[in-house]
1. Sort out which residues of region 115-133 are assigned to a helix (DSSP H, G or I) and open to solvent by less than 10 Å² (accessible area, probe 1.4 Å), and write them in order of number.
2. For region 78-97, give me the residue count where each residue is touching a residue at least 40 places away in the same chain (Cβ under 8 Å) and of a type in the set (Gly, Ala, Ser).
3. Residues being under 18 Å from Trp193 (Cα atoms) and either open to solvent by less than 10 Å² (accessible area, probe 1.4 Å) or in contact with a Cys (Cβ under 7 Å, 6 or more places away or on another chain) (or both): count how many of those fall in region 71-80.
4. Output the number of residues of region 198-224 satisfying the condition of being closer than 19 Å to Asn112 by Cα and either surrounded by fewer than 19 Cβ atoms within 10 Å (Cβ to Cβ) or modelled with pLDDT of 95 or more (or both).
5. May I ask you to list the residues in region 81-114 that are open to solvent by 20 Å² or more (accessible area, probe 1.4 Å), at pLDDT 90 or above and part of a helix (DSSP H, G or I)?
6. In this structure, is Glu154 outside any helix (DSSP H, G or I), more than 17 Å from Val192 (Cβ to Cβ) and at pLDDT below 85?
7. Looking at (1) in a loop (DSSP other than H, G, I, E, B); (2) open to solvent by less than 20 Å² (accessible area, probe 1.4 Å), can you tell me which one Ala40 breaks?
Amino acid sequence: MTDFEHKADERGVPSVVEELERRLDELPTGLADRRVFLAAYLRTTVAVGRALREARFEDPAWVGRWDVVFAGMGIAAHDADLAGDPVPRPWKLAFDAPKALPDLRHVLLGINAHINYDLPQALVTVISPADFEDPVLMARRRRDHERIDGVLAERVSSEDSELEAESLLYRLLTPFNRLSTRRFLKEARHKVWHNTFELHAARLAGPDAYRARLAELEVLSAAKIADLLEPGQVVLRLAVAGFGVTLPPPAA
């Protein structure tokens, strides 16, 4: 458990919100590009906390624990990079992307690292090997995982108004972009669930197998950066081509 998780574990999502706010307040000048993703993530975390208070999950304690672990991974990458320490390649590419990119691109780069790379690891952390053997429990875990999709979908219109539009064409296509965003976020999280089972199988096979599969996931997530930087209507393109990554069957 990280220092952040130790501090946040008892209070859950409210503590995550405080930690994100602190990092926004302390962000060095010249990192406005990073502020865009952190602020979007803060708003989404607040929305998850509200959904917890509204009793929208079957196992709110588990969702709260998941949120702490998941947020901790992104915060750890942020802190490590600012300290000059190594970070996983998907995060490094997101942090080193050209600062002049539109806000949307910076948010998508952060989402790629956090959902495609971090989220399967977070789920494996909060779902024990014994849990994986319980089909009733796993069905409940999956339903709560999918309920997060609903929270994200509700945020799309609000986030769209928060971000700087890439072009006049992007603004004209806004209704289509919102539908596309909901579609590719749901698709990505579906693949996350698959990748979680792949990482769990590797965990059972031992530390070396797990490290090898995690390295594969890191490569796949880093390779997604090229799609996100390609010129054009990125949201519509992702809705067609997909945003998520899929771990292939392990090598024999």
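The values are calculated or read from the model by the stated rules, or taken from the named source; none is laboratory data. It should be emphasised that the depicted structure is a prediction, and the values quoted were computed from it without experimental measurement. Note that each Cβ is placed from the backbone with ideal geometry, even for glycine, and that neighbours are counted across all protein chains shown. Each accessible area value is taken on the protein alone, full model and side chains, heavy atoms only, with ligands, DNA and RNA left out. Shrake-Rupley method; radii C 1.70, N 1.55, O 1.52, S 1.80 Å.
1. Asn116, Asp118, Leu119, Pro120, Ala122, Leu123, Val124
2. Final tally of qualifying residues: 2.
3. Residues that pass the stated criteria total 1.
4. 13
5. Asp81, Leu82, Arg89, Lys92, Leu93, Phe95, listed by residue number.
6. Values: outside any helix (DSSP H, G or I): no; more than 17 Å from Val192 (Cβ to Cβ): yes; at pLDDT below 85: yes.
So Glu154 does not fit the description; no.
7. Of the numbered conditions (1) in a loop (DSSP other than H, G, I, E, B); (2) open to solvent by less than 20 Å² (accessible area, probe 1.4 Å), the odd one out for Ala40 is (1).
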